[in-house]
Amino acid sequence: MTVTNKPLTKNIEIGRAPFNFAQYQAAGGYQSVAKALTFKPRDLMKLVQDSGLGGRGGAGFNTGLKWSFIPEPDGGPRYLVVNADEMEPGTFKDRLLMEHDPHLLIEGMITASIALQATMAYIFLRGEYKEAEHALLQAIKQAYAAGMLGKNIQGSEFSLDMALHTSAGRYICGEETALINALEGKRANPRFKPPFPQVSGLWGRPTLVNNVETICNIPGIVTHGVEWFKGLGINGQFGTRISGVSGRVKNPGCWEMPVGTTFRTLFEDYAGGMQDGYQLKAFLPGGGSTDFLMPEHLDLPMIPGDVAKAGSRLGTSLIMVLDDKTCPVGCVHNLIKFFAHESCGWCTPCRDGLPWSEHMLLKLENGEGSLKDIEILKEMCGYMAPGNTFCALAPGAAEPLQSGLKYFMDEFVEHVNHGCK
Amino acid sequence: MSNLIASTAPKARQLTPEEIHDIEHEKTHYPYAQAVGLEALKIVQKYQGWVSDESLLAVADYLKLPPDELEGVATFFNMIFRRPVGKHVILLCDSVACWMLGCDNLKAHISSKLGIEYGQTTADNQFTLIPVPCLGDCDKAPAMMVGDKTYRNLTPAKIDAILADCTARG
């Protein structure tokens with residue numbers, strides 16, 4: 001049997017119920033658990049590190065390296081928390097994975113927990129994802145019934161419990177330390193770092209927070225090995241990832257593809273290009289908190305370094321296209337309104353800078369803005385830049401604003417006195 | 001004066017057996033009662049529609065949490081309703097992909113049909129309209145939720161059918 005080249009979506013068939021435990025296992029599932037139990041935990045972390053797997057939540061940090069900062073066990077509780085609070089505007093990949101193949105996530109969590117020697121694993125799910133909640137609750141129940149969760153998993157010394165936490169809104173919960181506060185039942189303000197969660201996270205104990213898609217990569221890497229994983233990528237990259245397109249394209253959606261695929265392949269071959277009557281004006285490469293890229297950037301491979309050189313971030317690698325009939329000032333206003341609303345209010349540049357920016361953008365939209373407002377908007381991007389804020393929310397929010405001002409300055413100036421046409 | 005305040009202040013109500021059952025189940029997932037707070041508020045909301053002062057105090061009493069801390073949590077999370085809502089809560093996504101595909105027009109359509117703005121409830125207590133951040137259905141925009149159900153690729157005609165269905169179900 002040939003090994004799959006689509007480890008994340010091989011079991012997914014839209015329209016039919018997700019595989020139950022037996023079906024998932026029959027399709028080759030849960031092999032990584034037995035294999036992981038034969039490893040020394042540190043060797044397992046090293047394996048994941050060697051695979052080059054980068055976090056799929058947006059930051060892209062090497063997952064195995066992130067794991068390796070966890071201290072040696074001291075007999076107390078240790079936690080794995082899966083960040084399933086997908087709320088980045090334009091991002092809809094974790095929803096697909098959880099609704100259509102929940103056992104892949106659970107297998108990944110068990111295997112990751114073996115590496116981390118975690119005693120308890122939580123899924124932090126956004127409350128609005130009701131279909132995913134249902135699918136995951138069923139799958140967790142089945143995994144317990146099959147002895148894949150609970151005491152002495154598969155007859156080993158390793159025990160693990162798992163629970164689903166459903167949240168109740170707020171984008172800031174996606175920030176890992178804010179998520180930990182929310183899981184503890186507190187207001188979801190981010191925490192100061194250091195200490196990092198690996199050392200002092202949930203209830204002050206060693207904790208790893210990983211994105212859904214990141215963890216869904218673990219079963220394949222452990223089952224089939226690093227060389228197989230490396231072979232899945234193109235343009236010098238390893239593995240696959242889910243990329244997608246929204247906006248006025250012919251075929252919006254998300255698909256699993258080799259890491260290193262170009263934006264053009266995603267946009268033209270998968271999404272079918274623009275709808276008739278619309279032109280591509282610009283695109284946000286990986287969520288609302290990334291800088292705009294222009295049509296001339298389409299040939300870039302979706303690799304964090306290459307995208308950074310072009311002045312943006314790969315983020316979640318789900319692109320949102322801005323068409324020629326949609327106002328870029330209005331688009332930036334919508335994004336900043338979102339971020340202003342979602343600021344947790346902890347630090348000044350974010351709490352005050354975002355609503356002020358939103359107010360100036362609204363004035364521009366209504367034809368009540370001035371050139372001075374545009375100058376202040378530029379200044380705001382500096383106040384909200386990395387290093388000036390407590391967490392990454394405001395710097396992320398500033399990205400579409402600063403790049404919007406860079407690429408669409410003529411349109412911003414036109415909005416002064418005339419407003420949005 | 002202090003007597004006057006005390007006599008008018010809301011008091012904890014009794015939690016129902018169903019609420020207690022569900023909260024007890026959530027307690028098995030966490031080592032500390034504080035972590036159950038948000039889940040308990042959601043449970044109360046599931047049965048009561050919203051979280052009244054009396055409900056909030058009941059949860060705080062039951063979990064032995066300071067009521068003001070629980071209130072801080074309740075008001076932080078936008079999906080906890082601290083004011084009464086209608087039977088059907090409409091969560092209309094107003095984030096960027098839905099905005100590009102016309103959610104403002106849909107909002108105007110719902111507002112004119114039901115006579116309510118964002119944050120308001122119809123006089124017959126059937127519908128409340130609330131904007132919601134990106135629902136993660138950007139490839140099927142515009143999207144909204146009514147209660148626990150998500151609706152995608154919305155048009156005014158589809159919304160009419162959804163609202164009519166809600167009204168028919170009562």
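Readers should treat all values here as calculations from the given coordinates under stated rules, not as data from a laboratory. Treat the numbers as computed from the prediction; the structure is a model and nothing was measured. Neighbour counts run over all protein chains shown; Cβ positions are idealised from the backbone, glycine included.
Observations
- For the stretch A:345-361, the Karplus equation 6.51 cos²θ - 1.76 cosθ + 1.60, evaluated at θ = phi - 60°, returns couplings of x, 6, 10, 5, x, 7, 4, 9, x, 5, x, 5, 4, 4, 4, 5, 5 Hz by residue, with Gly and Pro reported as x.
- Taken residue by residue and averaged, Cβ atoms of other chains lying within 10 Å of the Cβ of B:135-146 number 6.
- Set of lysines near A:LYS66 by C-alpha distance (under 20 Å), chain-local residues within fewer than 8 positions excluded: A:LYS40, A:LYS46, A:LYS193, A:LYS230
- Förster radius 22 Å - calculated FRET efficiency between B:ASN125 and B:ALA164, Cβ distance, rounded to 0.05: 0.80
- Considering only B:LEU135, B:GLY119, B:ALA168, and ranking their Cα positions along the charge dipole of the stretch B:88-169 that arises from unit charges at the beta-carbon of Lys, Arg, Asp and Glu, the one farthest toward the positive end is B:ALA168.
- Shielding score for B:23-32, defined as the mean number of other chain Cβ atoms within 10 Å: 3
- Taking trypsin sites (Lys or Arg not before Pro) across the stretch A:315-352, the ones in a DSSP loop with at most 12 further Cβ atoms lying within 10 angstrom of their Cβ are A:LYS325.
- Taking every alpha-carbon pair within the stretch A:1-103, the share separated by more than 19 Å comes to 60 percent.
- Volume per residue of the C-alpha convex hull in chain B, rounded to whole Å³: 148
- The stretch A:328-418 has equivalent-ellipsoid semi-axes of 22, 12, 11 Å, by the square roots of 5 times the alpha carbon gyration tensor eigenvalues, sorted largest first.
- Per residue of A:163-170, other chain Cβ atoms within 10 Å of the residue Cβ number 6 on average.
- Out-of-range pairs (alpha-carbon distance over 25 Å; input A:LYS35/B:LYS27; A:LYS281/A:LYS309; A:LYS93/B:LYS27; A:LYS141/B:LYS42): A:LYS35/B:LYS27; A:LYS93/B:LYS27
- The protection proxy used here, the mean number of other Cβ atoms lying within 10 Å of each residue, ranks peptides B:136-149, B:119-132, A:13-26 as follows, highest first: B:136-149, B:119-132, A:13-26.
- Distance cut-off 16 Å, percentage of C-alpha pairs in the stretch A:270-323 lying past it: 35
- For B:ALA141, the amide hydrogen comes within under 5 Å of the amide hydrogens of B:ASN153, counting only partners 5 or more places away or on other chains and with H modelled in the peptide plane.
- Histogram of C-alpha separations across chain A, 20 Å bin width, %: 27, 56, 17, 1
- Cα shape, the stretch B:34-74, gyration tensor, a/c 1.5 rule: prolate
- The distance from the alpha carbon centre of the stretch A:317-390 to that of the stretch A:88-108 is 30 Å, rounded to a whole number.
- Given charges at beta-carbon only (K, R positive; D, E negative), |dipole| of chain A in Debye: 880
- Shape index of the stretch A:233-323: Rg/Rh, with Rg the Cα radius of gyration and Rh the Kirkwood radius from the inverse mean 1/r over Cα pairs, equals 0.93.
- Residues A:VAL332, B:VAL59 arranged by fewest to most Cβ contacts within 10 Å: B:VAL59, A:VAL332
- Under the Karplus curve 6.51 cos²θ - 1.76 cosθ + 1.60, θ = phi - 60°, whole-Hz ³J(HN,Hα) for the stretch A:45-56, x wherever Gly or Pro sits: 4, 5, 4, 5, 4, 5, 5, x, 4, x, x, 9
- Amide hydrogen proximity for A:ALA282: with H placed 1.01 Å from N in the peptide plane, the residues at 5 or more positions away or on another chain lying under 5 Å are A:LEU322.
- Sorting the segments A:74-81, A:406-413 by their residues' average number of neighbouring beta-carbon atoms within 10 angstrom, most packed first, yields A:74-81, A:406-413.
- With neighbours defined as other Cβ atoms within 10 Å of a residue's Cβ, the residues A:LYS372, B:LYS158 order from fewest to most as A:LYS372, B:LYS158.
- Whole-Hz Karplus values for the stretch B:17-23 come out as x, 5, 4, 5, 4, 5, 5 Hz, taken residue by residue from phi with 6.51 cos²θ - 1.76 cosθ + 1.60 and θ = phi - 60°; glycine and proline positions read x.
- Cα-based shape type of the stretch B:88-169, given that a ≥ b ≥ c are square roots of the gyration tensor eigenvalues and the cut on a/c is 1.5: prolate
- The GNM of chain A, with springs linking C-alpha atoms under 10 angstrom apart, assigns the highest mean-square fluctuation among A:PHE267, A:PHE229, A:PHE158 to A:PHE158.
- Judged by the mean number of other Cβ atoms found within 10 Å, the most tightly packed of the peptides A:270-279, A:199-208, A:374-383 leads the ranking A:199-208, A:374-383, A:270-279.
- Net charge, A:PRO7 excluded, C-beta distance under 12 Å - Lys, Arg +1, Asp, Glu -1: -1
- In this structure the amide hydrogen of A:VAL209, modeled in the peptide plane, comes within under 5 Å of the amide hydrogens of A:VAL81, none closer than 5 places in sequence on its chain.
- Projecting the Cα positions of A:PRO400, A:VAL259, A:GLN23 onto the charge dipole of the protein assembly as shown (unit charges on Cβ atoms of Lys, Arg, Asp and Glu, taken about the Cα centre) puts A:GLN23 furthest along the positive direction.
- Whole-angstrom gap from the stretch B:35-108 to the stretch A:17-84, using each part's C-alpha centre: 34
- Computed over chain A with a Gaussian network model linking Cα atoms closer than 10 Å, the most mobile of A:PRO301, A:PRO400, A:PRO386 is A:PRO386.
- Proximal charge balance of B:SER55 [Cβ under 13 Å; K/R count +1, D/E count -1]: +1
- Ordered by the count of other Cβ atoms within 10 Å of each Cβ, fewest first, A:VAL416, B:VAL36 give A:VAL416, B:VAL36.
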